[in-house]
Amino acid sequence: MPFHVEEEYILQTESELNVVFPTKFKNRMMEVNGGELIIRKHEFELYPFFDKSDRKRISRTCNHIVLETHNAREWNGFPENAVAIGSDGSGNQIILTHNGDGILTDEIYFWDHEEGLINKIAESIQKLSVENNHSFWQKVRSKFNL
């Protein structure tokens, strides 16, 4: 089960990636750092912010947003303006993007690593949680079209 995360680790991630995460996303991740997201039949593991507060948290957050974004940027066609926040385990990513200014928008996108296509799946992290009145980290349904 994911832990909460202190804001200092989010700020460190922002500094390392030279971006600013949306407030809604930061607030949600401070409550539960990482976890699972199920959108219809697709299951995604959300990347946590790297939490260095103790050995257990280091171990549980070693697949953090910075590392996974750097890994995703090695893929051909991964958007330069994107930060990877989750994966389905086969290369497809859930991403946040910015317009060149480093300020990530609330919109959540799906990046298909084979096609290089990006599809918007939600207006914000809150929209994913509100659609079925479930916690974001539990089963969530949305208008996800692949």
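Any chance you could count how many residues in the range 15-42 are acidic (Asp, Glu) and under 13 Å from the mean Cα position of the chain (by Cα)?
1
Among the residues of the range 70-102, how many are touching a residue at least 60 places away in the same chain (Cβ under 8 Å) and out of contact with any helix residue (DSSP H, G or I) (no Cβ under 9 Å at 6 or more places or on another chain)?
Qualifying residue count for the region: 1.
Taking the range 6-37 only, how many residues are in contact with a Phe, Trp or Tyr (Cβ under 9 Å, 6 or more places away or on another chain), modelled with pLDDT under 95 and polar (S, T, N, Q)?
1
So in the range 44-77, with the set limited to residues that are surrounded by fewer than 14 Cβ atoms within 10 Å (Cβ to Cβ) and under 15 Å from the mean Cα position of the chain (by Cα), which one is farthest from Met29 (Cα to Cα)?
Arg73
How about the range 105-136: which of its residues are in a helix (DSSP H, G or I) and either surrounded by fewer than 17 Cβ atoms within 10 Å (Cβ to Cβ) or at pLDDT 95 or above (or both)?
Hits for the range 105-136 are Gln126, Val130.
The values are calculated or read from the model by the stated rules, or taken from the named source; none is laboratory data. Please read these numbers as outputs of a predicted model, since none were measured by experiment. Positions of Cβ are backbone-derived with ideal geometry, glycine not excepted, and every protein chain shown enters the neighbour counts.
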